[in-house]
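Structure first, then comments.
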Amino acid sequence: MKYLFSISMLSFLLIFTACSGQQKSIDEKQTAEQPKQTEATSSDTKNITATDIPVYNFERFQKLLSSDSDTTFIINFWATWCKPCVEELPYFEAYHEKHKNEKVKVLLVSMDFPKQIEKKVVPFINNRNLQPEVIILDEPDPNSWIDKVDPEWSGAIPITIIFKQDKRGFFERSFESLEDVETTVAGVLSR
């Protein structure tokens, strides 16, 4: 029992350590390569509430990790407290916007705690006017599901899974531009 608790704590610390460390506020820094955030107009703003964000356990979520459809899926694991995650979100937003009339689904899987939906996740999504679907993954024992997402996953975030039918890519890294996302998706689909 102590061993399982130690492994769980180690996994949590790996995730937390990988996404923390820099003292500057995430909102203070926006790199030159990031797509410029545009002012949202009333027609393109979606103000969400906590009830708009589904909370999944891993069993329910696991069904989203594969599909036989001809849709390209981009599943990004992130958290509001993870600086590299937040820095890459505009690229997934831009990809979603650019490909919204195609068979593409961008899914943002928040690793924030469900109790933080109202105070952290909802304001974060609304302030940035994120359009891709956001869900919360609420599964307290990461050791029970991390390998099921991908055996190569260390447990750190951000990670992104890109797939279409039997073509699949797993990326445990930050994306640095919209072009980086575009190139990576094209590479996976050309396999």
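Quick note: the coordinates plus some simple rules give every number you see, no bench work behind them. All figures in this text were calculated on a predicted structure; none of them were measured in a lab. When we count neighbours, we look across all protein chains shown, and the Cβ atoms used for this are built from the backbone with ideal geometry, even at glycine.
Straight distance only, please: which aspartates and glutamates reach the Cα of residue 115 with their own Cα at less than 12 Å, same-chain residues fewer than 8 apart left out?
138
With 23 Å as the cut-off, how large is the P(r) tail for region 47-154, expressed as percent of Cα-Cα pairs?
On the way: 1620 of 5778 pairs.
Percentage above 23 Å: 28.
Provide the per-residue ³J(HN,Hα) series for region 122-138, in order, calculated from phi with Karplus coefficients 6.51, -1.76, 1.60 and θ = phi - 60°, each as a whole number of Hz, with x at glycine and proline positions.
So the Karplus estimates, Gly and Pro as x, are 4, x, 4, 5, 5, 5, 9, 6, 5, 9, x, 5, 10, 10, 10, 9, 10 Hz.
How much of the pair distance distribution for region 111-174 lies past 20 Å, counting alpha-carbon pairs only, in percent? Could you put the intermediate results ahead of the total?
Numbers: 842 of 2016 pairs.
Roughly 42 percent, once rounded to a whole number.
If you take every DSSP beta bridge fully contained in region 89-191, what fraction is antiparallel? Give it as a percent rounded to 5. Kindly include the intermediate steps, with their values, before the conclusion.
Working: 5 of 9 bridges.
Looking only at bridges with both residues in region 89-191, the antiparallel portion is about 55 percent.
Show the residues, 5+ positions off or on another chain, whose built amide H is closer than 5 Å to the amide H of residue 104.
When sequence neighbours closer than 5 places are left aside, the close amide H contacts are 72.
What list of ³J(HN,Hα) values in whole Hz, one per residue of region 179-191 in order, does the Karplus curve 6.51 cos²θ - 1.76 cosθ + 1.60 (θ = phi - 60°) give from phi, with Gly and Pro shown as x?
4, 4, 5, 4, 5, 5, 4, 4, x, 5, 6, 8, 5
Efficiency by 1/(1 + (r/R0)^6): what FRET value for residue 139 and residue 49, r their Cβ-Cβ distance, R0 = 25 Å, to the nearest 0.05?
Numbers: r = 23 Å, r/R0 = 0.93.
So the FRET efficiency works out to roughly 0.60.
Hey, what does the equivalent ellipsoid look like for region 141-187, semi-axes from the Cα gyration tensor as sqrt of 5 times each eigenvalue, largest first, whole Å? Write down the numbers at each step before the final one.
Working: eigenvalues 95, 39, 7 Å².
Values for region 141-187, descending: 22, 14, 6 Å.
Output ³J(HN,Hα) for region 99-111: one whole-Hz value per residue in order, computed from phi by the Karplus curve 6.51 cos²θ - 1.76 cosθ + 1.60 with θ = phi - 60°, and x for Gly and Pro.
For region 99-111, the Karplus curve yields 10, 5, 9, 10, 7, 9, 10, 9, 10, 9, 9, 7, 9 Hz.
Tell me the Rg and the Dmax, in Å, that the Cα atoms of region 50-99 produce.
13.1, 34
Expected output is a single nm value to one decimal: the length gained when fully extending between residue 126 and residue 57, i.e. 0.36 nm times separation in residues minus the C-alpha distance. What is it?
Working: separation 69, 0.36 × 69 = 24.84 nm, distance 2.39 nm.
The span from residue 126 to residue 57 would gain 22.4 nm if fully extended.
Provide the packing ranking of 141-147, 65-71, i.e. peptides ordered by the mean count of other C-beta atoms within 10 Å per residue, highest first. Present the calculation step by step, with values, prior to reporting the outcome.
On the way: 141-147: 14.9, 65-71: 11.4.
Descending mean neighbour count gives 141-147, 65-71.
Residues of region 162-179 with the amide nitrogen closer than 11 Å to a label point 7 Å from the Cα of residue 103, along Cα-to-Cβ, please.
It comes to 164-165, nothing else.
Which whole-number percentage describes the relative contact order of region 56-141, with Cα contacts under 8 Å and a sequence gap of 6 or more?
Working: 96 pairs, mean separation 34.0, N = 86.
Reported as a whole number, the value is 40 percent.
Beta carbons within 10 angstrom, averaged per residue: use that to sort the peptides 174-180, 86-92, highest first. Can you show the working numbers first?
Details: 174-180: 17.0, 86-92: 21.3.
Highest mean packing first, the order is 86-92, 174-180.
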